[in-house]
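Single-structure report; data block below.
The values are calculated or read from the model by the stated rules, or taken from the named source; none is laboratory data. None of these values were measured; they are calculated from a predicted model. Ideal geometry is used to build each Cβ from the backbone, glycine not excepted, and the neighbour counts take in all protein chains shown.
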Amino acid sequence: MKRVLAEVASNWKAGLTVALVSVPLSLSLAIASGATPIMGIITAIWAGLVAAALGGSNFNVIGPAGALSGILMSFTLTHGAQMLPMIAILSGLLIFAFYLLRWDKYLVFIPSSVMHGFTLGVGLTIALGQLNFALGLSGLPSHESLFLNVMESFRHVAETQAPVFILFAALLALLFLLARLFPRVPGAVIVAAIGILLGYLSEVHRIPFTFPTLLSKYGVFHAVLIQPPQFLFPLFDLTLLKVVLTVTVVAVLETLLSAKIVDGMTGTRFDQKREMFGLSLANIASGLAGGLPATGVLARTALNARSGATSRWASGINAVFVLLIALVLFRGFQYMPLAAVASILVFAAIRMVEVKHFVKLVRFDYASFWLSMVVGVLTFAVDPMVGILVGATVSLLAFARHLSRGQSELTLHKDRKMLARIPHHKLSDMDDHGDVVVYRLAGELTYFNAKAHEDAIHKIRAGTIILSLRNLFYIDLDGLELLHEIIEHLEKEGRTILITGAGEFIRPLLHKTHWFADREKDGSVFASTSDALTSLGFHLTA
């Protein structure tokens, strides 16, 4: 009991701080997902409690997230908000399968440039999805595509209600001002409080402006902690299955990334396997309670760590405080103007997009920058899963193309003196290849890059070629056969071929071939390149 009291005493302030931010954000993100505000609160409570108890990070906060809102909104437009708890349950089950099969480690094949592009697309989805709230537009025709709905909003910009837009712009500016001048102050709490006051005054006609509020859109708020979901759903609906897969992938990536970053802030190390387990059960619990899919949320996680959290108790206390606020103060949030909700969401969407990453891509990898832009456009205008799949596929093809070139370095010697040390693709720039060339293979020699090595070696104009295998760590059967063919072909041309540095990674496979054993017997295999050069009359200094 003393230990429990000590944990509570050490973590209650951090838990309360995060809860004060979580309530308005959870409300807003639920609305951005096309759900009801109470579904966001249910998610923050139950997903947060289960993840805190069973997860593998001491600081990660699990709850509604902007990264999922854009995905869910597109689905809600066609299937309705009542399906979202089922997505949470099915995603939780799929995450559990990832946990059992350890598939999370394969998600590293989705590069950061693709995820930055995806985040850009989601940010656009959230921000542009708030146009009606920000401009005070209502009664517009509804379409099954978010993109078409945004275009519809732009067509009615002339109907903007000036007081609503001014309130939105003022609260958004306040959020940026607070973030700039007082970064430790939770701006969402301040904006929510101001908004609730103005919304209440508007509802009771104490001010000359009318602000549409959550009350006018969703009716009177009731502090419901569990809304049993409807279990009737189209199991083989391809759209549903696609959304579940997308939510699963994004939830896992966001959660692991959040946990990894906060570990860097706190000098701790989270248990990835256990965090996957906790995330799966958190989503199942959220869905069973009538909530949304949940993931790790970096902003709230970082706030948790900066607020003095010392253990997972802070995340659990955060969920408890969200529950208490929902029971005691939830009805007050019904007076929040929709313009205030829009300001919080637009601010969150802008903060999601980290400009420094795109600047870095422009400086170091222009192709990846444009890939990020394409992923962002596809995520917003077409479909989030399409954005991720196209980005991951293009990235893997580019990576495969890079691997297929083969990695090697050449050292050219003439009259026992070194002429040059160059990568193989610059060999054609050299007029004189000398009389002894050391060709160092690096990485792997497989069916994938064997042809590139063959082409490079056949371009060498030298009487003696030393094939250094020191930095070769993997060779498959195709690579083994090609190596033999290269040696045979070059020797038929009258060249001298020596092999050096076959290490423990590839020597067992080489020893299974008759030709390598024959070469060992005739003295053309050496332990090192230095030994081979010495046998050719080179005088090497230590």
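Evaluate segment 127-145: report whether one residue or more is of a type outside the set (Ser, Thr, Tyr), assigned to a helix (DSSP H, G or I) and surrounded by fewer than 17 Cβ atoms within 10 Å (Cβ to Cβ). Checking segment 127-145: not a single residue is of a type outside the set (Ser, Thr, Tyr), assigned to a helix (DSSP H, G or I) and surrounded by fewer than 17 Cβ atoms within 10 Å (Cβ to Cβ).
May I ask you to list the residues in segment 256-269 that are surrounded by fewer than 20 Cβ atoms within 10 Å (Cβ to Cβ) and hydrophobic (A, V, I, L, M, F, W, C)? So that I can check it myself, show each step before the final result.
Step one: of segment 256-269, the residues surrounded by fewer than 20 Cβ atoms within 10 Å (Cβ to Cβ) are 257, 260-261, 263-269.
Leu257, Ile261, Met265, listed by residue number.
Provide a single number: the residues in segment 181-218 that are free of Cβ contacts under 8 Å to residues at least 40 places away in the same chain and either in contact with a His (Cβ under 8 Å, 6 or more places away or on another chain) or more than 17 Å from Ala340 (Cα to Cα) (or both). Within segment 181-218, residues that are free of Cβ contacts under 8 Å to residues at least 40 places away in the same chain and either in contact with a His (Cβ under 8 Å, 6 or more places away or on another chain) or more than 17 Å from Ala340 (Cα to Cα) (or both) number 8. In segment 311-338, the residues that are within 15 Å of Leu27 (Cα to Cα) form Cβ pairs under 7 Å with partners that are basic (Lys, Arg) and part of a helix (DSSP H, G or I), at six or more places apart or across chains, as follows: Leu338/Lys217. Limited to segment 520-531, what total is found for residues that are within 26 Å of Leu477 (Cβ to Cβ) and touching a residue at least 24 places away in the same chain (Cβ under 8 Å)? Final tally of qualifying residues: 5.
Checked against (1) buried (at least 24 other Cβ atoms within 10 Å of the Cβ); (2) without any contact (Cβ under 8 Å) to a residue 12 or more places away in the chain; (3) of a type in the set (Ser, Thr, Tyr), Ser280 meets all criteria but (2). Annotation: Leu77 fulfils all but one of (1) in contact with an Asp or Glu (Cβ under 6 Å, 6 or more places away or on another chain); (2) surrounded by 20 or more Cβ atoms within 10 Å (Cβ to Cβ); the unmet one is (2). Kindly indicate the residue of segment 371-417 that is of a type in the set (S, T, N, Q) and out of contact with any strand residue (DSSP E or B) (no Cβ under 8 Å at 6 or more places or on another chain) and also farthest from Val250 (Cα to Cα) among those meeting that condition. Checking each candidate, the answer is Ser404. On the stretch given as segment 131-180, residues that are polar (S, T, N, Q) and modelled with pLDDT of 90 or more total 4.
Identify, from the list Leu410, Leu419, Leu403, Leu427, the residue that is at pLDDT below 85 and more than 30 Å from Leu245 (Cα to Cα). If you could, list the steps in order and put the result at the bottom.
Numbers: Leu410 fails: at pLDDT below 85; Leu419 fails: at pLDDT below 85; Leu403 fails: more than 30 Å from Leu245 (Cα to Cα).
From the options Leu410, Leu419, Leu403, Leu427, the qualifying one is Leu427.
Screening Ser311 with (1) in a helix (DSSP H, G or I); (2) surrounded by fewer than 21 Cβ atoms within 10 Å (Cβ to Cβ) gives one miss only, at (1). Just one residue in the set Gly332, Gly376, Gly387 is small (Gly, Ala, Ser), in the same structural domain as Ala19 (by TED's automatic domain parsing) and surrounded by 15 or more Cβ atoms within 10 Å (Cβ to Cβ); that residue is Gly332. Within segment 319-343, the set of residues being touching a strand residue (DSSP E or B) at 6+ places or on another chain (Cβ under 6 Å) and in a helix (DSSP H, G or I) comprises Tyr335 only. Restricting attention to segment 161-188, the residues that are surrounded by 14 or more Cβ atoms within 10 Å (Cβ to Cβ) and either basic (Lys, Arg) or not in a helix (DSSP H, G or I) (or both) total 2. Candidates Val150, Val191: the one that is part of a helix (DSSP H, G or I) and over 29 Å from Asn304 (Cα atoms) is Val150.
Pairs linking a residue in segment 456-476 that is free of Cβ contacts under 8 Å to residues at least 40 places away in the same chain and farther than 21 Å from Arg495 by Cβ to a residue that is of a type outside the set (A, V, I, L, M) and not in a loop (DSSP other than H, G, I, E, B), with Cβ atoms under 7 Å and 6 or more positions apart or on different chains, are Asn471/Arg440; Phe473/Gly443; Phe473/Glu444; Tyr474/Glu444; Ile475/Glu444. Looking across Ser10, Ser22, Ser69, one residue alone is out of contact with any strand residue (DSSP E or B) (no Cβ under 8 Å at 6 or more places or on another chain), closer than 25 Å to Phe118 by Cα and either crowded, with 24+ Cβ neighbours inside 10 Å or not aromatic (Phe, Trp, Tyr) (or both). It is Ser69. Across segment 350-373, the qualifying residues are those that are within 15 Å of the chain's Cα centre (by Cα) and outside any helix (DSSP H, G or I), and the one among them that is surrounded by the most Cβ atoms within 10 Å (Cβ to Cβ) is Val353. In this structure, is Leu245 surrounded by fewer than 24 Cβ atoms within 10 Å (Cβ to Cβ), touching a residue at least 24 places away in the same chain (Cβ under 8 Å) and in contact with a Pro (Cβ under 8 Å, 6 or more places away or on another chain)? Criteria not met by Leu245.
Summed over segment 471-508, residues that are surrounded by fewer than 20 Cβ atoms within 10 Å (Cβ to Cβ) and farther than 19 Å from Gln407 by Cβ total 17.
The residues of segment 416-431 that are of a type in the set (Gly, Ala, Ser) and in a strand (DSSP E or B) amount to a single one, Ala420. In the set Gly70, Gly66, Gly80, Gly56, only one residue is at pLDDT 90 or above and either small (Gly, Ala, Ser) or not assigned by TED's automatic domain parsing to the domain that holds Ser145 (or both); that residue is Gly56.
Determine whether segment 440-449 contains at least one residue that is within 30 Å of Val375 (Cα to Cα) and of a type outside the set (A, V, I, L, M, F, W, C).
Pass one, segment 440-449, residues within 30 Å of Val375 (Cα to Cα): 448-449.
After this cut, where a residue has to be of a type outside the set (A, V, I, L, M, F, W, C) as well, the list is 449.
Yes, the conditions are met somewhere in segment 440-449.
In this structure, does Leu128 turn out to be in the same structural domain as Ser22 (by TED's automatic domain parsing) and either free of Cβ contacts under 8 Å to residues at least 60 places away in the same chain or in contact with a Gly (Cβ under 8 Å, 6 or more places away or on another chain) (or both)?
Numbers: in the same structural domain as Ser22 (by TED's automatic domain parsing): yes; either free of Cβ contacts under 8 Å to residues at least 60 places away in the same chain or in contact with a Gly (Cβ under 8 Å, 6 or more places away or on another chain) (or both): no.
Here the answer is no, as Leu128 does not meet what is asked.
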